[in-house]
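The values are calculated or read from the model by the stated rules, or taken from the named source; none is laboratory data. Please read these numbers as outputs of a predicted model, since none were measured by experiment. Here the Cβ is made from the backbone with ideal geometry for all residues, glycine too, and neighbour counts use every protein chain on show. Quick note on the areas: whole protein, heavy atoms, side chains included, nothing else; ligands and nucleic acids left out. Shrake-Rupley method; radii C 1.70, N 1.55, O 1.52, S 1.80 Å.
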Amino acid sequence: MNPGMLYASLAFLCWGLFPLYFHAIGEIAPQEILAHRMVWSLLFLGIVLTVRRQWSWLGSLKAQPRVVASFVASAFLLSANWFIYIWAVNNGHVVDASLGYFITPLINVMLGFMLLHERLRRLQWLAIGLAACGVAWLTWQAGQVPWIALLLAATFGGYGLLRKTAALGALEGLSFETLILFPLALAYMLWLAWHGQSGFVNTDSTATRALLLASGPITAIPLLLFAAGARRLPLAVLGLLQYIAPTGQLLIGVWVFHESFTQERMLGFLVIWTALGLYAAEGLWNSRRARLAA
């Protein structure tokens, strides 16, 4: 088995199981979970960087204000995405959250078209049109716009766009983003403790405290696996594997948390899945043609 396939599959599987983790610490407010995730992620990533002796990139950023500005923007998009996702899971919207990550690849395509002036092929336009019809159907049958899904897709799509043009690798980039957010997160955690509102301090559950402390490796390890897999796999294969995560989230939402998934809702998802299948097949076909032409 291609090691890249194994690494990437494990990364997406971990992300697909995230609803179970956030549900297990559901007694903690989403904003406090977010703060813990930032603080302990930086600690864990700092250990990894120290072991690998990869701190030299940090000093070079002093002469690159544009790179710093782009990472400030990506850090806040990432934190917004994390907060919305944690809130969604702990408020019974896992299925809506999974929808957001299903449509993210198509949001990425649209952002590339609008902001990077990338040309879209006919089948890509058809896939985007189908996905839009699916979202419109879900909006009509629910009587409201699926804001959770759209906000998750928009924030993660914007984050992906910034990281696509970033000057740092996955490990260094996430480390810098958490470093940017660390002072705010630590200040918020100290403020909660000072005012007696810290869920970490006040909880009677040792398991909850342990899970919060584990948020660092739980956040960073899938990213490191993903980075290792991405270096070894074609983008078309990686694009197909990424659907493992939202599929796992959807199954957990329906089978474990018993969220509503009516036939009408399933129809909307089927339209979006058809769009994704068309998008993935078109990508594989063009990738194969490019290899044969080479």
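Numbers for the structure displayed
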| quantity | calculated |
| --- | --- |
| Surface accessible to a 1.4 Å probe, E172 within the full protein complex, Å² | 40 |
| Linear extension gain, S60 paired with R232, 0.36 nm per residue minus alpha-carbon span | 59.1 nm |
| Residue order for H117, H36, H93, H23 - accessible surface, 1.4 angstrom probe, largest first | H117, H23, H93, H36 |
| Selection from F269, L223, L190 lying farthest towards where the dipole of the range 3-293 points positive, charges on Cβ | L223 |
| List T274, T247, ordered by accessible area with a 1.4 Å probe, largest first | T274, T247 |
| Those residues of the range 110-132 whose amide nitrogen sits under 11 Å from the label point placed on T274, 7 Å along Cα→Cβ | 130-131 |
| Solvent-accessible surface ranking, highest first, for V95, V254 at 1.4 angstrom | V254, V95 |
| Nearest-10 value in Å² for the accessible area of R289, using the 1.4 Å probe | 130 |
| Residue-wise HN-Hα coupling along the range 201-218, computed from phi with Karplus coefficients 6.51, -1.76, 1.60 (Hz; x: Gly, Pro) | 6, 7, 5, 8, 9, 5, 5, 5, 4, 5, 5, 5, 5, 7, 4, x, x, 5 |
| Estimated distance in nm for a label pair at T50 and L251, the labels positioned 7 Å out from Cα along Cα-to-Cβ | 3.9 |
| Using θ = phi - 60° and Karplus 6.51 cos²θ - 1.76 cosθ + 1.60, couplings along the range 14-21 (whole Hz; Gly, Pro as x) | 4, 5, x, 8, 3, x, 5, 5 |
| Theoretical FRET efficiency, 1/(1+(r/R0)^6), r = Cβ-Cβ of V201 and F76, R0 30 Å, to 0.05 | 0.65 |
| Dipole axis of the range 3-293 (+1 Lys, Arg; -1 Asp, Glu on Cβ), positive-most option in T208, Q141, Y85 | Y85 |
| Residue-level accessible surface for I221, protein heavy atoms, 1.4 Å, Å² | 70 |
| Shape of the range 3-293, Cα gyration tensor, a/c cut at 1.5 | oblate |
| Nearest-0.05 FRET efficiency for V67 and S287, computed from C-beta distance (R0 30 Å) | 0.50 |
| For the range 115-139 versus the range 180-249, the gap between their alpha-carbon centres in whole angstrom | 31 |
